[in-house]
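Trainee: Below are the structure tokens for one structure; questions will follow.
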Amino acid sequence: MREHIYSVWRWIQKYERHLSSVALFAGFILDALTLRRVDNLYENSVLVSYFLMIAFGITALNYIEAGKYEREWVGRTYHILPLVIQFAFGGLFSGFTVFYFRSGSIVSSWPFIVILVSLLLGNEVLKKQYERLVFQITIFFISLFFFMIFFVPVVMNAMGPLIFVLSGVCALGLIGTFTYFLSRMVPERIHKHKKKLFFAIASFYFIINVLYFTNLIPPIPLSLKQAGVYHQITRTQTGYTASEETHSGLGSLQFFKNIHIKQGDPLYVYSAVFAPNNLKVDIIHEWKHFDEAIGRWVSVDRIPYTIVGGADRGHRGYTMKTNLAEGNWSVNVETLRGQIIGRVMFEVVYDDKASPLVEKVL
């Protein structure tokens, strides 16, 4: 029996690098299949459990590396702990990927992608022991910050710059508490790398703040459930009905869907925006027209309305414009600060003939 256990340890040690990558992506797959709502108790409990796994794994790993253990079996867990840590990080960042992708267009989500890919590459590149400690705690801080960005608004039932600053303070407080606890367990390791830790955490704190205040982080916990442009929208007792053109074949796949109207006719843009329970926030429909003469998008109107959170399908509403010029149009669904939740794009084509319309329930 003991020989079999030892052979397993040797196999894990031999393939540690590949197993860590497998564990990371296993966490990705698990959360991508299970996470649904940012304000759900189950989802947040899962994410918190990953944080606890990471905190335990980093503490135990550094405890062993410092030679603090006495029992032989404790030392033999050394090659398993990185797998536990990487699995938990994979679960966290898969959850963040799911939530952040739902909360904005790809234009506003790309910084998160860059950070995520950097973390994955860094996991394979940074192999020395002293670099591993700094790397692990830095990723831990980034994970805490990304979690707090949507967790604090859910708890506070509010969004905005002050809530974001509070999220960052919470993340700093938690990583500071963890680092202090680790310094009591393995003081020589923390003391040796405290300058690198401070610089790494301060740098990423600054970077994430820059991304937020330049509107490059999606407006999580908001997310766009449905959006579209229609000839007519009518509110009923059960919801909304809309009239739209029928597009078949390649017409339905156009980037700018053709909308045929008579000059002066109105168009309606509908959106259903999810927000957590009890969160009340103003959003904007910004109507923009591409001016061929100057070669750029021009803001025509910004129409606000208030949404109230709680509904799985999102808070539904619409705005309307008349006298639209021919050409390409874009309606951004965004926050008051200009964070883009989603976008509806279409091309207005003047046509004196009435287009055949069909009704659909929104």
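The values are calculated or read from the model by the stated rules, or taken from the named source; none is laboratory data. Just so you know, these numbers come straight off a predicted model, no measurement behind them. Note that we place each Cβ from the backbone using ideal geometry, even for glycine, and neighbour counts take in every protein chain shown. Areas reflect the complete protein model, heavy atoms only, side chains present, ligands, DNA and RNA absent. Shrake-Rupley method; radii C 1.70, N 1.55, O 1.52, S 1.80 Å.
Trainee: If we keep just the residues of region 209-244 that are within 16 Å of PHE101 (Cα to Cα) and among the hydroxyl-bearing types (Ser, Thr, Tyr), which is modelled with the highest pLDDT?
Mentor: Here the answer is TYR212.
Trainee: Turning to a different aspect of this structure: For ALA325, are the conditions met, namely being of a type in the set (Gly, Ala, Ser), within 22 Å of the chain's Cα centre (by Cα) and either at negative phi or open to solvent by less than 10 Å² (accessible area, probe 1.4 Å) (or both)? Even if it seems obvious, please write down each step before you answer.
Mentor: Working: of a type in the set (Gly, Ala, Ser): yes; within 22 Å of the chain's Cα centre (by Cα): no; either at negative phi or open to solvent by less than 10 Å² (accessible area, probe 1.4 Å) (or both): yes.
Here the answer is no, as ALA325 does not meet what is asked.
Trainee: Might you check whether a residue that is among the aliphatic types (A, V, I, L, M), within 28 Å of the chain's Cα centre (by Cα) and farther than 20 Å from GLY338 by Cα occurs anywhere in region 246-265? Steps first, answer last, please.
Mentor: Looking only at region 246-265, we keep the residues that are among the aliphatic types (A, V, I, L, M), and these are 250, 253, 259, 261.
Checking which are within 28 Å of the chain's Cα centre (by Cα) leaves us with 253.
Narrowing further to those that are farther than 20 Å from GLY338 by Cα: 253.
Yes, that holds for at least one residue.
Trainee: For region 292-322, give me each residue that is in a strand (DSSP E or B), touching a residue at least 24 places away in the same chain (Cβ under 8 Å) and open to solvent by 50 Å² or more (accessible area, probe 1.4 Å).
Mentor: Selection gives TRP297, PRO304, THR306, VAL308, HIS315, ARG316, TYR318, MET320.
Trainee: Could you please give the count of residues in region 60-77 that are assigned to a helix (DSSP H, G or I), out of contact with any Ser or Thr (no Cβ under 8 Å at 6 or more places or on another chain) and either open to solvent by less than 40 Å² (accessible area, probe 1.4 Å) or at pLDDT 75 or above (or both)?
Mentor: 6
Trainee: With the requirement that a residue be in contact (Cβ under 8 Å) with a residue 12 or more places away in the chain and over 20 Å from ILE175 (Cα atoms), what does region 134-161 give you?
Mentor: VAL154, ASN157, ALA158, MET159, GLY160, PRO161
Trainee: So which of ILE261, ILE220 is of a type in the set (Val, Ile, Thr), in contact (Cβ under 8 Å) with a residue 40 or more places away in the chain and either open to solvent by 20 Å² or more (accessible area, probe 1.4 Å) or in contact with a helix residue (DSSP H, G or I) (Cβ under 6 Å, 6 or more places away or on another chain) (or both)?
Mentor: On the way: ILE261 fails: either open to solvent by 20 Å² or more (accessible area, probe 1.4 Å) or in contact with a helix residue (DSSP H, G or I) (Cβ under 6 Å, 6 or more places away or on another chain) (or both).
Checking each option against the conditions leaves just ILE220.
Trainee: Go through ASN209, ASN215, ASN277 for me and flag whichever is loosely packed, with under 15 Cβ neighbours inside 10 Å and in contact with a Gly (Cβ under 7 Å, 6 or more places away or on another chain).
Mentor: The match here is ASN277.
Trainee: Give the residue, chosen from SER45, SER21, SER49, that is assigned to a helix (DSSP H, G or I), modelled with pLDDT under 80 and more than 17 Å from the chain's Cα centre (by Cα).
Mentor: The match here is SER21.
Trainee: On the basis of being among the charged types (D, E, K, R) and open to solvent by less than 40 Å² (accessible area, probe 1.4 Å), does ARG184 make the cut?
Mentor: It is false that ARG184 is among the charged types (D, E, K, R) and open to solvent by less than 40 Å² (accessible area, probe 1.4 Å).
Trainee: Now for a different question. Is it the case that VAL331 is out of contact with any Gly (no Cβ under 8 Å at 6 or more places or on another chain), of a type outside the set (Gly, Ala, Ser) and under 18 Å from TYR240 (Cβ atoms)?
Mentor: yes
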